[in-house]
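Chemist: This structure is in structure tokens; I'll ask about it shortly.
Nothing in this text is a laboratory measurement; each read-out follows from the coordinates by a stated rule. Since the model is a prediction, treat every value here as computed from it, not as a measurement. Reconstructed Cβ throughout: ideal geometry from the backbone, glycine too, with neighbour counts over all protein chains shown.
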Amino acid sequence: MNILNNDTICAPATAAGGALAIIRVSGPNALPIVSTLCPLRCDTVAANTTHFTRLVEYDAVSQHPHPIDEALITTFRAPHSYTGEDSVEISCHGSRYIINKILELLIQQGCRMARPGEFTQRAYINGKLDLSQAEAVADLIASTNQTTHRLAMSQLRGGVSTELSDLREQLLKLTSLLELELDFSDHGDLEFADRSELQQLAQRIDAHITRLADSFHVGNALKNGIPVAIVGAPNVGKSTLLNALLGEERAIVSDIQGTTRDAIEDTISLGGITFRFIDTAGIRHTSDTIENLGIERSIAAVQRAQIILMMTEPGVPYPDIPIRDDQTVIRIANKTEDFQAKYGVGLDRLRQRLIDSVPKASDTDVIITNARHYEALILAHTHLQRVLSGLHNNLSADLLAEDLRLTLDALAEITGAQITTNEVLNNIFAHFCVGK
């Protein structure tokens, strides 16, 4: 896609099949093109106003108007619109025929169908959003619970952008001082930047970048669902527990050992957090080849989990499996007075423990949820580590300044401040829905 194109685009902004639909039009000819479909002169009405009108199709010969629908037309003038361009939103009835007819007439008058994410891409190009905020739009649309909604809203309001802006200002100060030395390189050992102060500032910035990068572990899990593995010996009630938590018969429950041969996954929302449960095969020593394969997959699933529900019952030991330090283990003694998965005893306490096991973040905390942002932060950290190493080894200002510039470039990748290639932009916006 050519990011410099200046044509007028249109697309439905709502899913088909509802009572009402919104068709969005944006570009330099949006107002006059929509005016050809109705008696309303969109290019003369006040901006940011909504008007009731009839949508009509004119006979090619007699120019007699044939009614299509009655609609509300909302006009926006550049730069005060979502895209930063002249824009119109047509609110009509949700009939597929009506929607397709309006789009057909708009295209006949010079519009073209928008590509996925093109409205938001234009908002980015026109400076209405930075790239991290544009990506937050997609996350907001895809949010499925309170937590993912809050994270997306924080990013859309500029939480990530503000953090990075502060870091970039500090890095620019470092770079400017070093490059000033380069301008006076013919003055021998003249230094504008005290090396010990530079090192302290670089360490503080690197610690901040590292903290943001580390938050991705939590942010990614919150965005995609906290992985929870249910593990234990055969017949201790793992599948019964999964069914009880889900409120449906998702897993097969049987007295026969080895019934669960593979990991079964499903999700539920607790306390505004999505948990992704994995019911694993019972772990035991067996000569059954297929069951052993299931056990191997179970152990692999445990390694991917953030929370492990370790189940047992009276007389059965907990499974001996490797646990990482960053994993939360909740031990459950099933078929006891305090916990009986089959009858729901202790389930409420378990649900609360699961909620409490997820790290809490305030509305002011910035949490990284985007893998692209995480990779850029890791790259910035790598370059900044070279700066710190260079300061320790008394490298020249030109080498230090180069690594600082690379650090700045890595951070700029997150907000899009220096992105110029169509390939990167197209890859990001290709995952948006049409009409957004």
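Chemist: Once you have the Cα-Cα distance between PHE52 and THR210, take 0.36 nm times their residue separation minus that, and quote the gain in nm to one decimal.
Modeler: 51.5 nm
Chemist: Report the gain in length on full extension from SER176 to THR336: 0.36 nm times residue separation, minus Cα-Cα distance, nm rounded to one decimal.
Modeler: Working: separation 160, 0.36 × 160 = 57.60 nm, distance 6.75 nm.
That pair, SER176 and THR336, stretches by 50.8 nm at full extension.
Chemist: Let me have the relative contact order for segment 307-412, percent, based on Cα pairs under 8 Å that are six or more residues apart.
Modeler: 18
Chemist: Whose amide H sits under 5 Å from the amide H of ASN334, counting only residues 5 or more places off or on another chain, with H placed in the peptide plane?
Modeler: Long-range HN contacts for ASN334: THR312, GLU313.
Chemist: With θ set to phi - 60°, apply the Karplus curve 6.51 cos²θ - 1.76 cosθ + 1.60 along segment 35-43 and write out the HN-Hα couplings as whole Hz, x wherever there is a Gly or Pro.
Modeler: 4, 6, 9, 7, x, 6, 8, 4, 7
Chemist: Output the relative contact order of segment 74-191, whole-number percent, from Cα pairs under 8 angstrom with separation of 6+ residues. Don't skip to the answer; put the middle values down first.
Modeler: Values: 82 pairs, mean separation 18.5, N = 118.
For segment 74-191, the relative contact order is 16 percent.
Chemist: Starting from the 7 Å offset along Cα-to-Cβ, what nm value, one decimal, do you get for the label separation of HIS149 and HIS64?
Modeler: Each label point lies 7 Å from its Cα, and together they span 5.1 nm.
Chemist: Would you mind checking segment 82-108 for residues with the amide N under 20 Å from a putative spin-label position 7 Å along Cα→C-beta of LEU20?
Modeler: So the set is 82, 87-103.
Chemist: Determine ³J(HN,Hα), in whole Hz, for all residues of segment 271-280 in sequence, where each value follows from phi through the Karplus function 6.51 cos²θ - 1.76 cosθ + 1.60 and θ = phi - 60°; x replaces Gly and Pro.
Modeler: x, x, 10, 8, 10, 9, 7, 10, 8, 9
Chemist: So how much slack lies between ASP166 and ARG405, counting 0.36 nm per residue of separation and subtracting their Cα-Cα distance, in nm?
Modeler: On the way: separation 239, 0.36 × 239 = 86.04 nm, distance 1.56 nm.
Difference between extended and current length: 84.5 nm.
Chemist: Residues with amide H under 5 Å of ASP69's amide H, sequence separation 5 or more or different chain, H placed in the peptide plane at 1.01 Å from N; which?
Modeler: LEU55
Chemist: Let me ask something else about it. If I take R0 = 45 Å and measure r between the Cβ atoms of ASN224 and ASP43 in this structure, what FRET efficiency does the formula 1/(1 + (r/R0)^6) give, to the nearest 0.05? List each step's numbers first, then the result.
Modeler: Numbers: r = 46 Å, r/R0 = 1.01.
Here the calculated transfer efficiency is 0.50.
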